[in-house]
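Some notes on the structure that comes next.
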Amino acid sequence: MTAPLPDSFILRGVAANGTLRLVGMDSTRITEDARVRHGLSKTATAALGRTMTASALLAIVLGKKTDSRVNVRVEGGGPVGWVVAEGSADGRVRGYVRHPDADLPVRERDGKLDVGGLVGTDGEIGVTRLLDNGEPYTGSATLVSGEIAEDVSMYLGVSEQIPNAVLLGVYEEGGRVAHAGGLLVQAMPGVTDETLAKLEANIRAMGQLTDSLRQGGLLTAIQRATEGLDLHLAPDAQAARFECRCSRDRAADSLKFFTAAERQDMIDTGGQEIVCHWCNERYQLTPDEIAALDEQPLRAQA
């Protein structure tokens, strides 16, 4: 690395003579920010953290531009309702869940967080991205486990025809997110069966991604996954952060979809609070701001 790593960051690289493409993300700070903003339970934190990480990795793999965005929605019928995240190839991430306080006991068989139980498996993972012509395209796949990583991998294989391996993990300690991250390995044209077998063996030997993150961070996880496969990483890490596209102006614009009578009622009662579901930011609009809306053009929504 040529510079100190920021709190959350993305690493990119290739292995096996360019026949494997790797994108890894340390999303510790991002996931902790989301936990605090939304008041998430322990298991909901893990579910959203994994999904936000996946959205950023998918934005890089599927996007055509440096600011390409990908929206991931996971809905499996579990107690959390739905999990939604939006990631951008430039490192911006945001997300939320339907029921932030939903939680489950750890699994009896291994003592791990029951993300699959919280999310459920009776549903789909949907991924929306913009095509080259600017039109949105949504692909989907049936949920495999609700654990997010397997579901993202299934989506890439079925809907995008991309051979891949996906690892995602969130580890909490002392009521805070101590480690979170993910790794997406894409098989490129020309990859050999021997390379794939070695990659599979490496990943199997790694165990849980969070174990590698705790022991040596994202770089250690990538090195373990690509051991013996001639890894070449890009020299610099890319900063990543939880960042919403909401604003006070956009919050005000949302009131234009109400009737004039409804807005007048807001004015008469002293104003209106608008809460962004993506980041939980609260905007308290004054009666004067609401009264001025009829004189302003409608801005693009987040």
field: Conditions (1) in the same structural domain as Arg37 (by TED's automatic domain parsing); (2) closer than 30 Å to Arg176 by Cβ; number of the one not met by Asp230
entry: (2)
field: Of residues in the range 1-15 being part of a loop (DSSP other than H, G, I, E, B) and surrounded by fewer than 24 Cβ atoms within 10 Å (Cβ to Cβ), the one modelled with the highest pLDDT
entry: Asp7
- prompt: In the range 17-44, which residues are within 23 Å of Asn280 (Cβ to Cβ) and either in a loop (DSSP other than H, G, I, E, B) or modelled with pLDDT under 95 (or both)?
  reply: Ser27, Gly39, Leu40, Ser41
field: Options Val93, Val61, Val84, Val74: the member that is assigned to a strand (DSSP E or B) and surrounded by fewer than 24 Cβ atoms within 10 Å (Cβ to Cβ)
entry: Val84
In the range 122-137, the residues that are touching a strand residue (DSSP E or B) at 6+ places or on another chain (Cβ under 7 Å) and not aliphatic (A, V, I, L, M): Gly123, Glu124, Gly126, Thr128, Arg129, Pro136, Tyr137
- prompt: How many of the residues making up the range 148-181 are touching a Lys or Arg at 6+ places or on another chain (Cβ under 9 Å), under 12 Å from Ala46 (Cα atoms) and in contact (Cβ under 8 Å) with a residue 60 or more places away in the chain?
  reply: 11
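This table checks each residue for (1) under 13 Å from the mean Cα position of the chain (by Cα); (2) within 20 Å of Leu167 (Cβ to Cβ).
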{"residue": "Arg12", "(1), (2)": "no, yes"}
{"residue": "Gly24", "(1), (2)": "yes, yes"}
{"residue": "Ser27", "(1), (2)": "yes, yes"}
{"residue": "Gly63", "(1), (2)": "no, no"}
{"residue": "Asp67", "(1), (2)": "no, no"}
{"residue": "Val70", "(1), (2)": "yes, yes"}
{"residue": "Glu75", "(1), (2)": "no, no"}
task: Tell me, yes or no, whether the range 209-228 has at least one residue that is part of a loop (DSSP other than H, G, I, E, B) and modelled with pLDDT under 95.
output: no
- request: Determine whether Glu108 is of a type outside the set (Lys, Arg) and farther than 23 Å from Leu209 by Cβ.
  value: no
query: Mind checking whether some residue in the range 205-216 is free of Cβ contacts under 8 Å to residues at least 24 places away in the same chain, more than 24 Å from Lys112 (Cβ to Cβ) and surrounded by fewer than 16 Cβ atoms within 10 Å (Cβ to Cβ)?
result: no
- request: Would you kindly identify the strands (runs of 3 or more DSSP E) lying entirely within the range 111-186 that contain at least 1 residues that are buried (at least 22 other Cβ atoms within 10 Å of the Cβ)?
  value: 124-130, 164-173
task: Give the residues of the range 252-281 that are touching a Phe, Trp or Tyr at 6+ places or on another chain (Cβ under 8 Å) and at pLDDT below 90, sorted by residue number.
output: Ala252
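The values are calculated or read from the model by the stated rules, or taken from the named source; none is laboratory data. Everything numeric here is computed off the predicted structure, so don't read it as measured data. Glycine gets a Cβ as well: all are built from the backbone with ideal geometry, and neighbour counts include every protein chain shown.
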